[in-house]
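Just below is one structure, and these are the notes that go with it.
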Amino acid sequence: QLFGNRFRIIVRNAGATIRQRQQGGGQCEESACNDADARLEFQAAIRSVRSKGFINYIGMQRFGKGGVRSDLVGRAYLQRDYLRCIDLIFFGPPDGSNASSRVKRPMTPRWAEAFRNTWSADAALRQMPQHGHGQSRVWVERRLLVALRRLQQDTDGTLDATDTWEDLCRLAFLSLPRGIRMLYAYAYLDRIWNLCASERAALGLEAPIAGDLVWLDREAQTARPLEPHELGSHSIFDVLLPRPGQLVQMPKNEVGELMRRYLSYDLDGGAEELSVEISQDEECPFPIHGSYRTLLERPGKLRWTFQREPGDSSVKEHGSLGQGCKAFGSDSYEVRLAFELRRGTYATMLLRELMRPRANGSANGLSKDTGAGRGIPRHVVWASEDE
């Protein structure tokens, strides 16, 4: 059974990366930043992560690429809105950005424009790349179009004349492999987990609070809420957050209430009725049972070194380092990291914690600005009277 993964990561051009992080956190002006300060600050961040851990967020790669938001597709799947599923996969989410937004949507590919203009799956397939890397990047889209073309052509005569476009979208989406469809559903649930982890961070990460979940039986994957008198016998590293499902226990505090409200807002029935369709032939719901995930994680066997970039032998004096001290040339060194993480923990989230800007003078990886904005923690509210 897989316990975890071992990573060896090299951060190239580390001098520039760390100084940009310092400047982003208001820690120093550009002229005042130097390599020695940057390395010391980075080492403090590494030591903090080793001892205090980092928020065990699900990595951003889980939520899609190429303009497709997997979490939004998953929500539509759980809502049985298959027309919406097809639209999100083919065209991406609606453009809600304003004119000043720096985020630019990817250009709509030719095949998607052809489909938008004709609603013909055959016309769209003729515009798709047939060979090379471009073909593999649109595997899901091609599979959907092939299913839609078959349904539109109705060559076998089995398509009911009363079937609507929504019916065709349902049949096409459910033709995708079950594993792919479940990844969409779990992406939505993982987004809720990340949101609730940020809310829990805003409540403080020094110790458990009443209502937090801890293991009741780890092997049986059951959890229970902490009572106020038990807080002293557990650490923050014992705290769990559930990935929503029918059989999971919710925290009995603000975080659990947020999770319930979020699911009730998006889905009929909330967490108690989380299920998806898995068959084209019958509307038989497949229940999603959920699981638990630790709020914080610490890397094991964490080691790091600072080394020169390959081929760079430059050394320069730095007056601010003190008489006789020398430093690597500007941006000329790399950081080599080696560590182990438990199964399901994302190395990208550990690196995100190491590289994020920090408030002036703070090397604490779990300071108040973690996951909930800068300075004063921000909370999710659902109505004006809650503000």
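Odds and ends about this structure:
- Conditions (1) over 23 Å from the mean Cα position of the chain (by Cα); (2) part of a loop (DSSP other than H, G, I, E, B); number of the one not met by Thr305: (2)
- Pair list, Cβ < 7 Å and 6+ apart or interchain, from the stretch 278-307 residues that are within 20 Å of Cys196 (Cβ to Cβ) to residues that are among the basic types (Lys, Arg) and part of a strand (DSSP E or B): Gly290/Arg243; Ser291/Arg243; Arg293/Arg243; Glu297/Arg342
- Taking each residue of the stretch 39-61 that is over 30 Å from Ile192 (Cβ atoms) and looking for partners that are assigned to a helix (DSSP H, G or I) and of a type in the set (Val, Ile, Thr) with beta-carbon atoms closer than 8 Å, six or more apart or interchain, yields Arg39/Ile18; Glu41/Ile18; Phe42/Ile18.
- Residues of the stretch 194-208 that turn out to be closer than 19 Å to Leu226 by Cβ and either small (Gly, Ala, Ser) or buried (at least 19 other Cβ atoms within 10 Å of the Cβ) (or both), as a count: 10
- So Asp156, is it in a loop (DSSP other than H, G, I, E, B), open to solvent by 50 Å² or more (accessible area, probe 1.4 Å), over 29 Å from Pro287 (Cβ atoms) and at pLDDT below 95: yes
- Test: residue in the stretch 209-222 that is crowded, with 20+ Cβ neighbours inside 10 Å, out of contact with any Asp or Glu (no Cβ under 7 Å at 6 or more places or on another chain) and in a loop (DSSP other than H, G, I, E, B): yes
- A count restricted to the stretch 246-264 and to residues that are without any contact (Cβ under 8 Å) to a residue 40 or more places away in the chain and open to solvent by 20 Å² or more (accessible area, probe 1.4 Å) stands at 4.
- Leu72 passes every criterion in (1) open to solvent by less than 30 Å² (accessible area, probe 1.4 Å); (2) within 20 Å of Ala121 (Cα to Cα) apart from (2).
- Qualifying residue in the stretch 23-33 (condition: modelled with pLDDT of 60 or more, in contact with a helix residue (DSSP H, G or I) (Cβ under 6 Å, 6 or more places away or on another chain) and of a type in the set (A, V, I, L, M, F, W, C)): no
- Residue that is basic (Lys, Arg) and at pLDDT below 85, where the choices are Arg343, Arg352, Arg308: Arg308
The values are calculated or read from the model by the stated rules, or taken from the named source; none is laboratory data. Note that the structure is predicted; figures quoted are calculated from it, not measured. In this analysis, Cβ positions are derived from the backbone assuming ideal geometry, glycine residues included, and neighbour counts consider all displayed protein chains. Surface accessibility is based on the protein's heavy atoms, side chains included, excluding ligands, DNA and RNA. Shrake-Rupley method; radii C 1.70, N 1.55, O 1.52, S 1.80 Å.
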